[in-house]
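What follows is a short report on a single structure.
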Amino acid sequence: MRLSERSLVAMSLGLIAVIASATLLLATFREAPPAPGCVALIEVRGTLSYSQSPLSLLGGTADVDKLLKLLDEALKDDHVKAVVLRINSPGGSAAASEALYLKVRELAASKPVVAFIEEYGTSGAYMLALPAHEIIAANSSIVGSVGVYMMVITYSGLLDKLGIRVYVFKSGELKDLGSPFREPTEAERRVLEEMVSEMFSLFKERVLMHRGNMITNSSEVFSGRPFTAAEAVRIGLVDKVGTLEDAIADARRLAGLPEDAPVRVLKPPKPGLLQLLLGQASSTPPLIPSYEVLAMWPPPLTAYLQASRD
């Protein structure tokens, strides 16, 4: 039996509807194409210290605990394909610098990391940049000052003038090492110098591990002096002079991202009102030890005066 023209048209329209419905259904259940990913931007600004460090008294400090959380967030976020560290820091405590270095090293083992030194990238701040796949410095920035030091401030002369005597009863000769109430003994000087020497050796070892094949004059690098960006390139501490935009572009390239891949600034969450109230109520003054090993340039007092002028 032959089908009428009207039946053929109806069957054709029905077939088209079935195909369209199937296509729509497949499109609905098909997984969306993966996003290309983004570049995370993390700012390292101010003196590197823990919140209870005496360095926090200087103001303008970079809370290391918060920075570690941001670096860990970038490490665990699959959407973050590369990281740019925007550094403007003179360094800080050796312990804080060490913690950040280790976390950046862990991050760089998983994703491309580019360090951009904006103004200061010295001492401990330079240490944390070492594991980066590329180090870029702004034209007018200061880089280097590889080394550590320790300051022991004594009040013995002032106390003598005021007629104040301090008596310390201790279990061992070196128990009050670095006491501010008297001049250090020769034995104490040797111990403190050994501590500085040991930490400097570790710093030096890391510089050689990450930049050893690029350094042209090791005696100059390890003299503790800071360098301008151009000098840092010449001596091998920095890969090139550039801008933040250059650092972002290189991070995209290293991660295989398109040129227009987005940049996401990672910032610590702002504390709520309750946190602010509880924080103020429970705040305690920073613990002030008699000495602390610093990976910092310029020295704290100079940095404080500079921050005051700013």
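Relative contact order for region 142-210: what is it in percent, counting Cα pairs under 8 Å that are at least 6 residues apart?
Relative contact order, region 142-210: 44 percent.
If you keep only loop residues by DSSP, which trypsin sites (Lys or Arg not before Pro) in region 132-179 have at most 16 other Cβ atoms within 10 Å of their Cβ?
In loop regions of region 132-179 (DSSP not H, G, I, E or B), the sparsely surrounded trypsin sites (Lys or Arg not before Pro) are ARG165, LYS170, LYS175.
State the Cα centre-to-centre distance between region 123-157 and region 247-269 in whole Å.
26 Å
Enumerate the amide H contacts of ARG182 below 5 Å, restricted to partners 5 or more residues apart or on another chain; note that Pro and chain-start residues carry no placed amide H.
For ARG182, whose amide H was placed from the backbone, the distant partners under 5 Å are TYR155, SER156.
Please list, ordered by chain and number, the residues whose modelled amide H lies under 5 Å from the amide H of SER89; skip anything fewer than 5 residues away on the same chain.
GLY46, GLU119, TYR120, GLY121, THR122
Between VAL191 and ARG234, what is the label-to-label distance in nm when each label sits 7 Å out along the Cα-to-Cβ direction?
Modelled inter-label distance: 4.4 nm.
Just how far, in whole angstrom, is region 161-206 from region 63-81 if you go by their alpha carbon centroids?
37 Å
With 10 angstrom as the radius, rank HIS133, HIS210 by how many other C-beta atoms surround their C-beta, starting from the fewest.
HIS133, HIS210
By count of other Cβ within 10 Å, fewest leading, how are GLU106, GLU245 ordered?
Ordered by Cβ neighbours within 10 Å, fewest first: GLU245, GLU106.
Which of PHE169, PHE203, PHE181, PHE116 has the fewest other C-beta atoms within 10 Å, and how do the rest follow up to the most?
By the 10 Å Cβ count, ascending, the order reads PHE169, PHE181, PHE203, PHE116.
Hey, what do the phi angles of region 227-232 turn into as Karplus ³J(HN,Hα) couplings, whole Hz, using 6.51/-1.76/1.60 and θ = phi - 60°, x for Gly and Pro?
10, 6, 4, 5, 5, 5
The numbers here are math on the coordinates, done by the rules we state, and not lab data. Keep in mind that this is a model prediction, so the values were computed, not measured. Here the Cβ is made from the backbone with ideal geometry for all residues, glycine too, and neighbour counts use every protein chain on show.
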